[in-house]
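The values are calculated or read from the model by the stated rules, or taken from the named source; none is laboratory data. It should be emphasised that the depicted structure is a prediction, and the values quoted were computed from it without experimental measurement. Here Cβ is always computed from backbone atoms with ideal geometry, including for glycine, and neighbour counts include all displayed protein chains. Ligands, DNA and RNA are excluded from the accessible area calculation, which covers all protein heavy atoms including side chains. Shrake-Rupley method; radii C 1.70, N 1.55, O 1.52, S 1.80 Å.
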Amino acid sequence: MSTIEQAKTNLFSKGFLEVGTPEKMDYVAEINKLKKEKNAVILAHYYQEEAIQDIADFVGDSLALAQEAAKTDADIIVFAGVHFMAETAKILNPKKKVLLPDLKAGCSLADSCPPEDFKAFVDTHPDHKVVTYINCSAEIKTLSDVVCTSSNAVKIINSFPKNQKLIFAPDKNLGDYLNKETGRDMLLWDGACMVHEAFSIEKLLDTHKEHPDAEIIAHPESPSHILKTASYIGSTAGLLRYARESKKEKFIVATEAGILHEMIKQVPEKTLIPAPIEEDNSCACSECAYMKLNTMKKLYTCMKYELPDIEVADDMAAKALLPIEKMLELSK
Ligand code: 13P
Ligand code: SF4
């Protein structure tokens, strides 16, 4: 036996290598087997790659995924999404194992709100309550009075008396949209999602000229010049509902392109055009590089070895749980 073969045999005996090359592995069959064996549930966001959405037990927007995580009776939660989503699931289920296929699946929006800076900002406005978008770290959640998502934000903000001063973080685009929707003057943190900031208004208007019969529908993480062109603005679940219920036959969709997989399933007879971005890439659409770090291979591996798993310090989890629970209560 060669040295390399010997090394491989050693690794295999320790469970670090699989029989056959990964390319030959039937990930769908193996993942389904592991799901049963381990009583695991796979929760996936609409921005995940198609194969992951197809094998998930539940696919949803950020609110629906948090609600599902809060009520699951599975022993293991496999979160096919990004870190803040898996972290929220862990905070809701401190005794359960929560797995994220790739720990590097972060979020540009969450990263745009460093806890130390945000704490200093909050401290200078002691008369303000703090509403944070769920796309932030657990540490930011500990500094919040209530968490929201794009599907319940108006309701959450309206739950405060009109004269209550508010800080909204981290998304300035969503915050600006919410100020207009609710007639508030919330102080906005200067954060943004790179995926929704990437849309080109010039190319979008050109596309609309080519398809004047199409309606533009947009996620509120998009900048205001994009939102001004939209006939409907909503969360990923809201965009799906609108495409389903609208009498229109054609939509230009301004959000991450992964949503098109579920949208095509729900409205196969309609025409869906992804909103174009400034820079050319292979799909000419906006993709979240963080969401796309998760693959079927990583999903399989994380379920097999139950790694990487999410850890949140007990005291931080206990503090971050309060604004999440408040959101879930207000969303009933
Ligand atoms: P929703 O699915 O809640 O609309 O969130 C979109 C998003 O950017 C998630 O990171
Ligand atoms: Fe974060 Fe934007 Fe990616 Fe959502 S789409 S995970 S907000 S970077």
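If you go through segment 174-183 and pick out every residue that is closer than 16 Å to residue 149 by Cα and either surrounded by fewer than 16 Cβ atoms within 10 Å (Cβ to Cβ) or not hydroxyl-bearing (Ser, Thr, Tyr) (or both), you end up with 6.
Can you name the residue in segment 18-36 that is modelled with pLDDT under 95 and surrounded by fewer than 14 Cβ atoms within 10 Å (Cβ to Cβ) and is also nearest to ligand 1 (Cβ to nearest atom) among such residues? Per the stated criteria, the residue is 22.
Just one of the listed residues (262, 181, 210, 215) is in contact (Cβ under 8 Å) with a residue 40 or more places away in the chain and of a type in the set (Asp, Glu), namely 262.
Of the helices (runs of 4 or more DSSP H) lying entirely inside segment 114-173, those carrying at least 2 residues that are under 21 Å from residue 316 (Cα atoms) and open to solvent by 50 Å² or more (accessible area, probe 1.4 Å) are 115-123. With respect to the conditions (1) at pLDDT 95 or above; (2) part of a loop (DSSP other than H, G, I, E, B); (3) not acidic (Asp, Glu), residue 84 falls short on a single one, namely (2). Restricted to segment 208-242, and to residues there that are more than 15 Å from the chain's Cα centre (by Cα) and among the charged types (D, E, K, R), the residue that is nearest to ligand 1 (Cβ to nearest atom) is 241.
Selection of first residues in segment 107-120 that are over 22 Å from residue 294 (Cβ atoms) and of second residues that are open to solvent by 30 Å² or more (accessible area, probe 1.4 Å) and not in a loop (DSSP other than H, G, I, E, B), restricted to Cβ pairs under 6 Å at least 6 apart or on distinct chains, gives the following pairs, ordered by first then second residue: 115/139. Scanning segment 265-319 for residues that are of a type in the set (D, E, K, R), more than 16 Å from ligand 1 (Cβ to nearest atom) and over 17 Å from residue 76 (Cα atoms) returns 265, 269, 270, 278, 279, 280, 297, 314, 315, 319. Per the listing 287, 245, the residue uniquely among the acidic types (Asp, Glu) and more than 21 Å from the chain's Cα centre (by Cα) is 245.
Among residues belonging to segment 184-194 that are open to solvent by 10 Å² or more (accessible area, probe 1.4 Å) and under 18 Å from the mean Cα position of the chain (by Cα), point out the one that is farthest from ligand 2 (Cβ to nearest atom). Ranking the candidates gives 192 first.
Inspect segment 37-58 for any residue being surrounded by fewer than 18 Cβ atoms within 10 Å (Cβ to Cβ), at pLDDT 95 or above and aromatic (Phe, Trp, Tyr) and give the result as yes or no. Yes, some residue in segment 37-58 is surrounded by fewer than 18 Cβ atoms within 10 Å (Cβ to Cβ), at pLDDT 95 or above and aromatic (Phe, Trp, Tyr).
If the condition is being under 25 Å from residue 25 (Cβ atoms) and not in a helix (DSSP H, G or I), then segment 291-332 contributes 294, 295, 306, 307, 308, 309.
Taken as a whole, segment 268-279 holds at least one residue that is among the small types (Gly, Ala, Ser) and crowded, with 22+ Cβ neighbours inside 10 Å. The condition of being within 16 Å of ligand 2 (Cβ to nearest atom) and touching a Cys at 6+ places or on another chain (Cβ under 6 Å) holds for only one of 262, 256, that being 256. Can you tell me how many residues within segment 244-256 are surrounded by 12 or more Cβ atoms within 10 Å (Cβ to Cβ) and either of a type in the set (Phe, Trp, Tyr) or free of Cβ contacts under 8 Å to residues at least 40 places away in the same chain (or both)? Looking only at that region, the number is 6. Cβ-Cβ distances below 7 Å connect the following pairs, each with a first residue in segment 26-51 that is part of a helix (DSSP H, G or I), a second residue that is of a type outside the set (A, V, I, L, M, F, W, C) and surrounded by fewer than 18 Cβ atoms within 10 Å (Cβ to Cβ), and a separation of six or more residues or different chains: 27/297; 34/304; 38/75. Scanning segment 219-233 for residues that are within 15 Å of residue 208 (Cβ to Cβ) and within 16 Å of ligand 2 (Cβ to nearest atom) yields a count of 3.
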